[in-house]
Amino acid sequence: MNLSPYSISGTLFPLAESLSSGILLHRGDSILFANKAMSRLTGFTAEELSGKPFWAFFPPPVCNTIRDRGRNRLKGEHPAARYETVIITKSGEERWVELAVSQEDIEGERAVVCSFIDITERKRAEAAQKQTQQLLTQIIDGDPVPTFVINAKRVITHWNQACEQVIGMSAADLIGTTKQWSAFYNTERPIMADLIVSGEIENLLRLYGDKKLRRSPVIDGAYEAEDFFPQMGEHGRWLYFTAAPLRNALGEVIGAIETLQDITERKNAETELLRMQADLEATVAIRTEQLLQAKTTLEEDIARRETAEEELLKRYAELTELNCLLQEAQQQLVQSEKMASIGQLAAGVAHEINNPIGYVNSNIRSLKGYVGQILELLDTYEAREAALPAEDLTAIKAAKKAADFEFLREDIGQLLSESEEGTERVRKIVQDLRDFSRAETTQNWQAVDLRHGLDSTLNIASNEVKYKADVVREYTDIPMVECLPSQLNQVFMNLFVNAAQAMPDNRRGTITVRTGLAGEEVWIEVADNGAGIPAAILDKVFDPFFTTKPVGKGTGLGLSLSYGIIQKHNGRISVSSTPGVGTTFRITLPIHHQAPVGATP
Ligand SMILES: Nc1ncnc2c1ncn2[C@@H]1O[C@H](COP(=O)(O)OP(=O)(O)O)[C@@H](O)[C@H]1O
Ligand SMILES: [Mg+2]
């Protein structure tokens, strides 16, 4: 029954000793044979092993199982042939082994062959890996940031609690599946982690390009983006997500980890901020509009004030002008008052002078006739002188000589002519005085073109004017004016003669005659570039008898007469002058004559 170790040495021993796995042979309860590898594994020498019960180095309760199985095997049963178990070495160390058992007939007797493969290192590595795995799961699970992991086949391997809370899908439902899309979208499509794993950067750009996609600044190969997921939560959620590749030691991508950040509140705050900003901008726009309006109102106000100011200034100017006119009117009034009194005086003087000058004049005429007759008589005498005795003739000649008869004869005529001329001049002055003082006229009012009057008067005055000045006519169209034409001609004549007389001897002057229409009035200007009138005497020129001309040349009545005539026409006459430059007289006449109330037409 007992098998000697030597009996198997011939066949089994050399073979078994060459194996690296432990080989143990038992028959009955005791170990029949154990190879060197078995000694290495257990720490027992071949001698120590030999004869030991075959379950000796299995720890309880495994040893009982091993024992029972071994015994049953020897009885012909076939329990599990291969399993992993633990042995205790001689030093008390635990080692994992993979045990393969078979029964063999050796030298006609049944024996059990056990082979031991030391799998301690593998087991340790597995345990370590499992531990790491657990640690990783714990780390990921314990992370408050929603995080999930997929592997190279895009299968979800981790789905942490934060993820469950934020997304509302359980790890149990997702881990082991590829349904990561269902957490975010209604239809199947790759999510960012998928694209990181597959390396489809183009698709990443296509799907997330408009979601603020960017490369992670901290994790190599990772991307970040944000998006709104309407089906998440009650009103949808804004998520900010980062997906990073997971690499093995060779640098190959073996999965991806994606973290999520719920930025809904921040986004809402942003939206609220934008809304507030928009509100603010709208308010600012309204305020700006109001300000602009206020500014416009203010500007209008200022404009109104300016207009009012302008109006005021205009009024002021008008008032000033009115004041000037008033002063002028007052002057004219004073002048006309003066005229009236002087007119009365002149009428009296004229009347007084008229009579004597009348008879002096007629006497001179008679005297002239008489003297003529006397001279004729003397001629008759002279014709008879030859017949007179020489004595008488001598006496007559002596008397003639003594009387300077030849001179007398000539001078008498001249004296008479001069006297006649003198009285004529006096008569003319008296006539002027009478014209001047005459309150009303016998002439008829007629509508005439004053330009004709000006032209014909210039004709008559040509003798006075032509040696001293050129005449320039600047007429504009004027209507017919109701007037006393011959009296106005007298005025024009006086102005022309004055202008001509104002010209200096050493140069020819120019007399400019202008006409014009202003409203219901016609104006006439006679302007010269003569000596001008000193300011000191400018307001005296219309006074009767005021003259700066030598005796015989001026009477000082021309302008005062003119003044009276123009007044009679309800017109105005004024003068402006600059000494050394010239003088302008301006006459303004109403187109229609209005007979003063109670006056004879
Ligand atoms: N065009 C003029 N230029 C300069 N002085 C003038 C002119 N017209 C009038 N006068 C001045 O007015 C004075 C009065 O004129 P007027 O009444 O016509 O009298 P008269 O011509 O007989 O002197 C003149 O003596 C002269 O001093
Ligand atoms: Mg004169």
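The values are calculated or read from the model by the stated rules, or taken from the named source; none is laboratory data. On a predicted model such as this, the values are computed, not experimentally measured, just so you know. Because the Cβ atoms are built from the backbone with ideal geometry, glycine has one as well, and the counts that use them run over all protein chains shown. Just so you know, the surface numbers come from the protein's heavy atoms only, side chains and all, with ligands and any DNA or RNA stripped out. Shrake-Rupley method; radii C 1.70, N 1.55, O 1.52, S 1.80 Å.
Here the chain is treated as an ellipsoid with the same Cα gyration tensor; its semi-axes, largest first and in whole Å, are 170, 26, 17. The calculated FRET efficiency for N459 paired with E299, based on their beta-carbon distance and R0 = 56 Å, is about 0.30.
Along the range 357-374 the Karplus relation, 6.51 cos²θ - 1.76 cosθ + 1.60 evaluated at θ = phi - 60°, assigns HN-Hα couplings of 5, x, 6, 4, 4, 5, 4, 4, 4, 4, 4, 4, x, 4, 4, x, 5, 4 Hz to successive residues, with x for each Gly and Pro. The calculated FRET efficiency for E121 paired with E200, based on their beta-carbon distance and R0 = 35 Å, is about 0.30.
The portion of the accessible surface of the chain made up by carbon and sulfur, rounded to a whole percent, is 56 (1.4 Å probe; DNA, RNA and ligands excluded). Note that the range 5-118 presents 51 Å² accessible area per residue, ligands and nucleic acids not counted, probe 1.4 Å. Both radii are taken from the alpha-carbon atoms of the range 135-262; with Rh as the Kirkwood radius, Rg/Rh is 0.93. When the C-alpha to C-alpha distance is required to be over 21 Å, the pairs from K468/K540; K212/K267; K468/K553; K428/K553; K153/K211 that qualify are K468/K540; K153/K211. Backbone phi angles across the range 277-287, fed through the Karplus curve with coefficients 6.51, -1.76 and 1.60 (θ = phi - 60°), yield HN-Hα couplings of 4, 4, 4, 4, 4, 4, 4, 4, 4, 4, 4 Hz in residue order; Gly and Pro are listed as x. Divided by 2.2 N^0.38 Å, where N counts the residues, the Cα radius of gyration of the range 441-590 comes to 1.00.
Its Cα centre serving as origin, the chain has a Cβ charge dipole (Lys and Arg +1, Asp and Glu -1) of approximately 1820 debye.
Helix 390-403 versus the longest principal axis of the chain: what angle, 0 to 90°, nearest 10, using Cα atoms? So the inclination is approximately 30 degrees. Counting only Cβ charges, +1 for Lys and Arg and -1 for Asp and Glu, the dipole size of the range 441-590 around its Cα centre is about 460 debye.
Per residue of the chain, the DSSP helices (runs of n ≥ 4 H) give a summed -39500 (n - 2.57) that works out to -16500 deg cm²/dmol at 222 nm. In a reduced charge model with +1 at each Lys and Arg Cβ and -1 at each Asp and Glu Cβ, the range 5-118 shows a dipole moment near 180 debye about its Cα centre.
An oblate overall shape is assigned to the range 5-118, the ratio a/c of its alpha-carbon gyration tensor axes (a ≥ b ≥ c) being 1.5 or greater and a/b not exceeding b/c. Sorted into 5 angstrom bins from 0, the C-alpha pair distances of the range 514-601 split as 3, 13, 18, 22, 18, 13, 7, 5, 1, 0 percent. The lysines within cross-link reach of K401, meaning a Cα-to-Cα straight distance under 29 Å and a gap of 8 or more places when in the same chain, are K368.
For the range 304-436, the Kirkwood estimate of the hydrodynamic radius, built from every pair of different alpha carbons, is 21.2 Å. Couplings 3J(HN,Hα) of the range 99-106, computed from phi: 9, 10, 10, 8, 10, 10, 9, 10 Hz, in residue order, whole Hz [Karplus 6.51 cos²θ - 1.76 cosθ + 1.60, θ = phi - 60°; x for Gly and Pro]. Relative to the longest principal axis of the Cα atoms of the chain, helix 485-501 runs at roughly 80 degrees. Take the range 135-262 with all the other protein chains still there, run a 1.4 Å probe, and you get 53 Å² of accessible area per residue. Taking GluC sites (Glu not before Pro) across the range 139-207, the ones in a DSSP loop with at most 14 further Cβ atoms lying within 10 angstrom of their Cβ are E188, E200.
Taking every protein chain into account, the accessible area of the range 304-436 amounts to 77 square angstrom per residue (probe 1.4 Å).
Pairs of Cα atoms nearer than 8 Å and 6+ residues apart set the relative contact order; for the chain it is 6 percent.
Using only the alpha-carbon atoms, how far is helix 450-460 inclined from the longest principal axis of the chain? Give it as 0 to 90 degrees, nearest 10. Around 50 degrees separate the two axes.
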